[in-house]
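Below you'll find the structure, written out as structure tokens, and then a few comments.
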Amino acid sequence: MLRWAVLIVWVFTALFAVRSVEAQSVADRFWGQWRGPDATGVAPFADPPIEWGEATNVAWKAKVPGQGSSSPIVWGDKIFVLTAVPVGDPVSPAAAQFDAARSSRQGRRVLGRSRRMGRVRGRQSILRQQFTVMAFDRMTGEVAWRQVAREEVPHEGYQQPNGSYAGGSAVTDGEYLFAFFGSWGLYAYDLNGRLQWEVDLGTRFMRNGFGEGTTPALYGDTLVVTWDHIGGQSFIVALDKYTGEERWRVPRDEIDTWATPLVVEYAGRAQVIAPAMDRVSSYDLQTGELVWQSRGTTMNAIPSPVHADGLVYVMSGYRGNNLQAIRLADARGDITDTNALVWQLDRDTPYVPSPLLYDDRLYVIKSNDGILSVFDRLTGSPHYQLQRLEGVPNIFASPVGAAGRVYITGRDGTTLVIRHGTGFEVLASNTLDDGFDASPAVVGDELYLRGYQYLYKIAEE
């Protein structure tokens, strides 16, 4: 009897292990979050085209209504994008902010300060927006489904000229799709577009009305959202992915963070790493307990962290420059100026684009400029530095890597393809009739680019 019991336990354990490996393999072959399967920017099993143009290797392009700078997310036979579609009659910016602020004393205080400082962003009237989730068929580019999560008048603007009220990206694990529109709610759908739950986290006021544009992090059955702003108590919160119920919430003394938190499992403990202006903080995923803290990055913390083999890289580059390579084995308590900081950099770091971590090389864009540096991730020694990227002078999108190549997309519509290596070599320069702020998604032999107007599928003819 004991032998049978042991055998049954062994069989179930083996089946569970096989299913876990299969699930991991499936996730590695899709693009379920905006920085790819490992949140490094790399598609480990992909081999997309090197060259394309409007008349070459464009399998299809689909018009995307409204505005959105969220990156495409790919799972199964669908691509998911978030957008904000203007509808109805215009409303003045002051009226829109007053409507959002009047329900809270802190909101009224923020609105008054913004008016006195002349920072009610933009003088043009604001249109009501439909905060929308869209799914496109991968084969044809046709709309598979479209859901309007909420229709509201935004209380502040966004980064001009090509910003968006839908700046954050969706995230999926193949079971649920999560769409976060900041002040306008967090939504969970199944992959056929049926709403599972929704949560309203409050009203968020950003400095200078730059817009919200934050993407959640998903790990196992936990969804993590950073809510840093100037309109009240900032916090980081973990929610049950199946119900939207809060598991924990930790207050933060931070303002205006756009970086997506990174969840890393190290030494059997999953921790959430959340960069910000004053502090880089790590929280226990299960409890929210603070694990360690380091000094902050810079104001407007936008680039998201990357991780490999126990080393985490955080950086930003607005009104200053900061890159920290942090060894998790030594990270406990306050790690400022300790051995946990393996190497640091105080110049030429990115403002908007997140880094690409490809094998043992860290690709870093300077500010939003077409200037690239590549470092040995273990030592910080440069393979090459301050390499000007011809044809892509201005960059918001984050670089991606696949099949020994690196793809860097500029705002003017050109994507530079360079060889992944210790020396700089351009393989191709490809231009489309659109502009791009969203980072590419790479799946199989396909590259997906979400532009100001169109969603493109790039594939060999």
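The values are calculated or read from the model by the stated rules, or taken from the named source; none is laboratory data. The model shown is predicted, which means the values in this text are computed figures rather than measured ones. Counting neighbours? That spans all protein chains shown, and the Cβs are built from the backbone with ideal geometry, glycine included.
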Next on the checklist: The conditions are (1) touching a residue at least 60 places away in the same chain (Cβ under 8 Å); (2) surrounded by 15 or more Cβ atoms within 10 Å (Cβ to Cβ), and residue 329 fails exactly one of them. Which is it?
Outcome noted: (2)
Checklist outcome for this item: When restricted to 143, 199, the only residue of a type in the set (A, V, I, L, M, F, W, C), over 29 Å from residue 287 (Cβ atoms), surrounded by fewer than 19 Cβ atoms within 10 Å (Cβ to Cβ) and out of contact with any helix residue (DSSP H, G or I) (no Cβ under 6 Å at 6 or more places or on another chain) is 143
Checklist entry - Counting only residues that are modelled with pLDDT of 95 or more and in a strand (DSSP E or B), how many does the range 254-265 have? => result 4
Checklist entry - Quick one: in the range 357-372, which of the residues that are over 24 Å from residue 412 (Cβ atoms) and among the hydrophobic types (A, V, I, L, M, F, W, C) is surrounded by the most Cβ atoms within 10 Å (Cβ to Cβ)? => result 362
Checklist entry - Being crowded, with 24+ Cβ neighbours inside 10 Å, at pLDDT 95 or above and assigned to a strand (DSSP E or B), is that true of even one residue in the range 375-391? => result no
Checklist entry - Is at least one residue of the range 111-118 at pLDDT below 85, in a loop (DSSP other than H, G, I, E, B) and not charged (D, E, K, R)? => result yes
Checklist outcome for this item: Scanning the range 284-321 residue by residue, the ones that are under 21 Å from the mean Cα position of the chain (by Cα) and either closer than 16 Å to residue 255 by Cα or surrounded by 23 or more Cβ atoms within 10 Å (Cβ to Cβ) (or both) total 19
Next on the checklist: touching a strand residue (DSSP E or B) at 6+ places or on another chain (Cβ under 8 Å) and free of Cβ contacts under 8 Å to residues at least 40 places away in the same chain: which single residue out of 343, 292 fits that description?
Outcome noted: 343
Item to check | Criterion: part of a loop (DSSP other than H, G, I, E, B) and either surrounded by 20 or more Cβ atoms within 10 Å (Cβ to Cβ) or not β-branched (Val, Ile, Thr) (or both) - qualifying residue of 281, 354 | outcome: 354
Item to check | All strands (runs of 3 or more DSSP E) inside the range 155-253 with 1 or more residues being at pLDDT 95 or above and closer than 30 Å to residue 138 by Cβ | outcome: 176-180, 186-190, 195-199, 217-219, 222-227, 234-240
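Can you confirm whether the range 205-212 contains a residue that is touching a strand residue (DSSP E or B) at 6+ places or on another chain (Cβ under 8 Å) and within 23 Å of residue 73 (Cβ to Cβ)?
There is no residue in the range 205-212 that is touching a strand residue (DSSP E or B) at 6+ places or on another chain (Cβ under 8 Å) and within 23 Å of residue 73 (Cβ to Cβ).
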